[in-house]
Amino acid sequence: MAFTKRGKRAACVAGVGVVLAGLAWAGMALWSRDENSVPALHTITIGDGDNGPVNMAWVPPGRFLMGSDSKLAQPNERPAHPVRVNGFWMDVTHVTNDQFARFVRETGYVTTAEQVPDWETVRVQLPPGTPRPPEGVLVPGAMVFVGTQAPVTLANYASWWRYIPGANWRQPQGPGSSIVGKGDHPVVQVSYADALAYAKWAGKRLPTEAEWEYAARGGLEQATYVWGDELEPEGQRMANYWDAKAQHFPVVSPAAGGANATVSVETFPANGYGLHDMTGNAWQWVADWYRADYFANQARQKTDIDNPKGPAQSFDPSDPGVPATAPKRVIRGGSFLCNENYCLSYRPSARQGADPYSPMSHVGFRLVSDAKPPSASPSQ
């Protein structure tokens, strides 16, 4: 057994279907999809501790079309359907290594990847009757993107993912790796349970899937990307994703430029609400259970849905060998591994389910707060 089933399940999440410069615009931000669309005008408000939580952006209440009917959309993103959300504050960036390190220092928290995997949480991801593996197999660690030395068929994700004993948030690629000098990168190798623990300490919460997508769109109704419809407007790269034109996925040989990874959280421009990296860099945990058919079920209501909290349980029949009702939470936003040949999840409607107890080297999170609206908010 090359890696634990917890790790193998996490690799499925990464491999089945859709794989898994400072605060911008201090005043007004004007975005328009094209010359025939109505521009969305927003006042960008970043909390300063007196008027809103520090380094959180105000996302005003509103209505939007959730999901997508685009030709790029996967079945689990369809159909687009009307949703309303209340206003909330959202972290301007992913939670960073420095921020997570402070949490660990102050609480002594031990992450999922640093603990021996619990068989009861592992077995629910396996076919019924799977025998318990020997104790020596269930060791602390996490899933790591290792890439390949040469092009391979993209049908076998196990070619570029490995369960690495000793991998954790401090050593994202395993023993010998480090986050030194990467304090402003997204923390990764954190499970859903880890994100909840951090949120409780911070006095915040994970966003719902609806809140996340609404915030990611930044006021651009049904745009392909969080910045508009063109992937690289005027040749400008707008997010951290795998450039398949420059480097064949998943090749990471020195000749191909080495392995892709996270970058500093404010490397790319913010969206219409002042939020950085809503797509690309690292996937983001959100609060909802994952159902592959959730959007289709929502659309049957044929009316605006107010503040949806997600389904009551998971359902995903697409993973061979994994029970359709195995627990999964939604991850959003894609990562540095997404690319046009294997994954197009650096789009605001793209969604995937993940084992809540499987940390991975390309999954992090950001939080929201229900603090009172800013004093200058036009929504008041």
Given H placed 1.01 Å from N in the peptide plane, which residues other than close sequence neighbours of residue 291 have an amide H under 5 Å from its amide H? 315
Residue list for the stretch 132-148, given a label point 7 angstrom along the Cα-to-Cβ vector of residue 193 and an amide N cut-off under 16 Å: 138-143
Explain nothing, just compute: Karplus ³J(HN,Hα) = 6.51 cos²θ - 1.76 cosθ + 1.60, θ = phi - 60°, for every residue of the stretch 263-275 in order, whole Hz, x for Gly and Pro. 10, 4, 5, 10, 5, 10, x, 7, 8, x, 9, x, 9
Once you place label points 7 Å from the Cα toward the Cβ at residue 137 and residue 221, how far apart are they in nm? 5.3
Given contacts defined as C-alpha pairs under 8 Å and at least six residues apart, what's the relative contact order of the stretch 110-267, whole-number percent? 23
Computed FRET efficiency, Cβ-Cβ of residue 178 and residue 370, R0 35 Å: what is it to the nearest 0.05? 0.45
Accessible-area order for 319, 184, 98, largest to smallest, probe 1.4 angstrom, reads 98, 184, 319
Quick check: net charge around residue 238, other residues with Cβ under 11 Å of its Cβ, Lys/Arg +1 and Asp/Glu -1? -3
Stretchable slack from residue 266 to residue 340, in nm (0.36 nm times residue separation minus alpha-carbon distance): 24.3 nm
Among 224, 168, 374, which residue has its Cα positioned farthest towards the positive end of the charge dipole of the chain, with +1 placed on the Cβ of Lys and Arg, -1 on the Cβ of Asp and Glu, and the dipole taken about the Cα centre? 168
Between the stretch 181-237 and the stretch 144-174, what is the C-alpha centre distance in whole Å? 23
If the cut-off is 18 Å between C-alpha atoms, which aspartates and glutamates fall inside it for residue 302, apart from same-chain ones fewer than 8 positions away? 69, 77, 293
What are the aspartates and glutamates whose alpha-carbon lies under 15 Å from the alpha-carbon of residue 182, with same-chain residues fewer than 8 places away excluded? 98, 266
Summing -39500 (n - 2.57) over every DSSP H run of at least 4 residues in the chain and dividing by its residue count gives a helix-only mean residue ellipticity at 222 nm, to the nearest 500 deg cm²/dmol, of -4000 deg cm²/dmol
At 1.4 Å probe size, with no ligands or nucleic acids counted, give the accessible surface of residue 252 in Å², nearest ten. 20
Under a 1.4 angstrom probe, counting protein chains only, how are 71, 182 ranked by accessible area, largest first? 71, 182
Keeping all protein chains in place and using 1.4 angstrom, which order do 332, 170 fall into by accessible surface area, from largest down? 170, 332
Looking at the square roots a ≥ b ≥ c of the eigenvalues of the Cα gyration tensor of the stretch 204-337, which shape do they give, rounded for a/c under 1.5, prolate if a/b is larger than b/c, or oblate? oblate
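The values are calculated or read from the model by the stated rules, or taken from the named source; none is laboratory data. All figures in this text were calculated on a predicted structure; none of them were measured in a lab. A quick note on method: Cβ atoms are made from the backbone with ideal geometry, for glycine too, and the neighbour counts reach across all protein chains shown. Only protein heavy atoms, including side chains, enter the accessible area calculation; ligands, DNA and RNA are left aside. Shrake-Rupley method; radii C 1.70, N 1.55, O 1.52, S 1.80 Å.
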